[in-house]
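Visitor: Handing you a structure now.
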Amino acid sequence: MHSKTATIGSVEMEVAFLDQKREMIDDFLDSELPPIAEHPQGLHAAIRYSALAPAKRIRPILALTTYEALCSKEAPPPAPLAPACALELVHTYSLIHDDLPC
């Protein structure tokens with residue numbers, strides 16, 4: 001019985017860790033993408049719609065976690081966020097590009 005409680009606690013901790021990373025990534029993407037009000041509005045609206053859609057963000061989470069494991073024992077500085085988020089943007093692009101007609 002005691003081990004199940006520990007397992008449940010660690011699972012909850014892991015979910016909180018993933019949620020924290022996902023929120024950090026979403027905030028970074030939101031701050032770096034052009035606002036919808038900026039010209040051309042239609043293009044920027046489409047970019048934001050695709051890039052900021054609810055997602056697991058597993059690729060940037062893996063990149064940030066790898067950085068933490070190999071390079072830093074402390075919380076990662078903002079520097080690894082850009083390349084980590086670039087992985088997510090390339091993935092988003094590939095999904096859209098794959099659906100386009102020839």
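Visitor: For Tyr49 and Phe17, what does the FRET efficiency come to when R0 = 30 Å and r is the distance between their Cβ atoms, rounded to the nearest 0.05?
Guide: Taking R0 as 30 Å, the efficiency between Tyr49 and Phe17 is 0.60.
Visitor: Give, in nm to one decimal, the length gained when the segment between Cys71 and Asp27 is fully stretched (0.36 nm per residue of separation minus the Cα-Cα distance).
Guide: Contour length minus the Cα-Cα distance gives 13.5 nm.
Visitor: Moving to a separate point now. Take the Cβ-Cβ distance between Ala82 and Cys102 as r, set R0 to 35 Å, and report the resulting FRET efficiency rounded to the nearest 0.05.
Guide: Using R0 = 35 Å, I get an efficiency of 0.60.
Quick note: the coordinates plus some simple rules give every number you see, no bench work behind them. Being a predicted model, the structure only gives us computed values, none of them experimental. Reconstructed Cβ throughout: ideal geometry from the backbone, glycine too, with neighbour counts over all protein chains shown.
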